[in-house]
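Below: one structure, written as structure tokens.
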Amino acid sequence: MKTSRRTTRHGQQPSKRKRRWRITLLILAVLLLGVGILFKLRWRAWFGNVPEAPYTIEQAISRVTLTPGEDFIAQRTITWLAGEQPQPAELLLRPINERGDTLRPITFTPTTEVITSRSGRGCYYQVHLDSLRPGASYLYTIRVQGTTSVAGRFAMPDTARTTHFVYMGDVQDPSVSESKRYFDYLRQAVSPIDFFAFAGDQIEGPTDAYWRAWYASIGDLTRSIPIIAAPGNHEYLKKGFGRELDPRWVRQFGYPTNGPKDFLGRSYFIDMPLLRFIIMDTTDIMGFGAIKQHKAWLRDVLKGSHQPWQIVLFHHAVDCVREGRKNLVMHYLFKDELIEGGADLVLQGHDHGYGRSSTRSASGDTIAPVFVISSASPKVYRNGFDAVHDRLGSGMQLYQRISVDYTAIHYASYRFPEAIAGRPDSIVPESKRLYDSIVIEKSPAGQPRVRDLARDLPERFDFAGFGTDSKGRKKAAQYAKEVRDRKATHTTQRGKEK
């Protein structure tokens, strides 16, 4: 007697539908197990916050910070921290005349706000200064009842001269030692600048200890040189699948409130005689509402600018330089906005490496905007080798000097001098530490063109954090091969150009 195809000696076989369900359930179980393992491995990175130890703010004036208003040549904001409760306070501003004499002081009463974090609180004082004279210098004195007064000095730029500034990517140095050495060097070695521009993650994490570390490293530079900064992801608290900017950030800096309605003081722009400087908070830009707000706002502020140049600063790059990293929102939703809106130079951070890419016209010319990623942090990442980048680098701490005049933007990137025991930091001249250099020039055709002055400068790939096991050695060997391949390709290209 023949047995049915659906039966065996032990009984009926399961139906095809049941077998499919069992396979489906098995696949789902494997996926859930994989997701569970991934969440366990990445939970702290994705959802965990750096603990904040309990702290108290002493009754003394600290963290004095000078920031610009929307009108760079006429407005400044001075913010400071003192104690945990508001006290009677004032700021005395003394103009200095052409002979160097101080004039009668003007008295300002600051606004106050007590900011509460996870483990403590502090009272922030703030004064907005308007109608400052271009080219003038000012002395100021801060007084808070029960504290020792603090003095500072700043100069306003002249409307007719070139703008000079220093741009730095992530600083992120909780130990302070390296970043303090860098700022000490800049204080002594760099020619006068109009402001510092930071691409985020100056603060290692949203804790009072890391805020103290930041101000210990930069020192009194914040009292005399304006700071323009973008928020970075390390300055955010993780809230489940969302994030929330450290409540101290907006109050500490006091930037213009001319950005998208839900990002006031975080995304903003500053008008200077020769350029509009636009800053975006890209950490909290991933939701639909935030994207919609920022796209409309960015389009308006780029198109509405009457300045010859437009520079944009934010944390997360549109074309990442870190190996394996991709920011889909910045690449697919904001890159075209920057190109079509007429940005000339885009300054970025986050990737702890160096990358510079440019735009090509239909005829193949190298044109603006130029996109730059840089870092000044002791923490370094392995770079990738995406062909979009004209120049790459890894394992370096860099600062960039940028000058803007009516006809051109001059950009130069330098390695910080290495620490040499018993010898001054400036032992190696700045010209010997030049890593990258371009000029963006106005073109009669309208679109600014880019001249690459770094074609003969060797690229540096100093990343070595692969580990010593077999897997690490394999990665190191692959990286070395990619470096050799890139060098060979560039040598061939330069030979054809000559």
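Figures for the structure shown
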{"quantity": "Relative intensity, log₁₀ I(q)/I(0), of the chain from a Debye sum that treats every alpha carbon as a point, q = 0.11 Å⁻¹", "calculated": "-0.98"}
{"quantity": "Eligible lysines near residue 335 by straight Cα distance, threshold 30 Å, same-chain separation 8 or greater", "calculated": "238, 239, 261, 292, 295, 303, 326, 379, 442, 487"}
{"quantity": "Per-residue ³J(HN,Hα) for segment 115-126, Karplus 6.51 cos²θ - 1.76 cosθ + 1.60, θ = phi - 60°, Hz, x for Gly and Pro", "calculated": "9, 9, 9, 5, 9, x, 8, x, 9, 9, 10, 8"}
{"quantity": "Per residue value of the accessible surface for the chain (all protein chains in place, 1.4 Å probe), Å²", "calculated": "49"}
{"quantity": "Over the chain: helical MRE at 222 nm, DSSP H runs n ≥ 4 each giving -39500 (n - 2.57), nearest 500", "calculated": "-7500 deg cm²/dmol"}
{"quantity": "Net +/- balance of residues flanking residue 258 in space, Cβ distance below 10 Å, scoring K and R +1, D and E -1", "calculated": "-2"}
{"quantity": "Sequence-separation-based contact order of segment 325-403, relative, with Cα cut under 8 Å and 6+ spacing, percent", "calculated": "30"}
{"quantity": "Percent carbon-and-sulfur accessible area, the chain, ignoring ligands, DNA and RNA, probe 1.4 Å", "calculated": "53"}
{"quantity": "Rg in Å to one decimal, and Dmax rounded to a whole Å, for segment 113-265 via C-alpha atoms", "calculated": "16.6, 50"}
{"quantity": "Cα centroid of segment 204-229 to Cα centroid of segment 328-362, whole Å", "calculated": "27"}
{"quantity": "Relative contact order for segment 260-416, counting Cα pairs under 8 Å that sit 6 or more residues apart, in percent", "calculated": "18"}
{"quantity": "Pairwise Cα inverse-distance average, inverted: Kirkwood Rh of segment 223-357 (Å)", "calculated": "15.4"}
{"quantity": "Cα-based shape type of segment 207-300, given that a ≥ b ≥ c are square roots of the gyration tensor eigenvalues and the cut on a/c is 1.5", "calculated": "oblate"}
{"quantity": "Highest average packing first - 173-179, 462-468, 338-344, Cβ atoms within 10 Å", "calculated": "338-344, 173-179, 462-468"}
{"quantity": "Globularity ratio of segment 143-231, using Cα Rg and 2.2 N^0.38 Å", "calculated": "1.19"}
{"quantity": "For the chain: relative contact order, % (alpha-carbon pairs under 8 angstrom, 6 or more apart)", "calculated": "11"}
{"quantity": "Spherically averaged projected area of segment 325-416 from its Cα convex hull (nm²)", "calculated": "6.7"}
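The values are calculated or read from the model by the stated rules, or taken from the named source; none is laboratory data. Here the structure is a predicted model, which means the values were calculated and not measured. We place every Cβ from the backbone using ideal geometry, glycine too, and count neighbours over all the protein chains shown. For the accessible areas, the whole protein counts, side chains as well, though only heavy atoms, and no ligand, DNA or RNA atoms are used. Shrake-Rupley method; radii C 1.70, N 1.55, O 1.52, S 1.80 Å.
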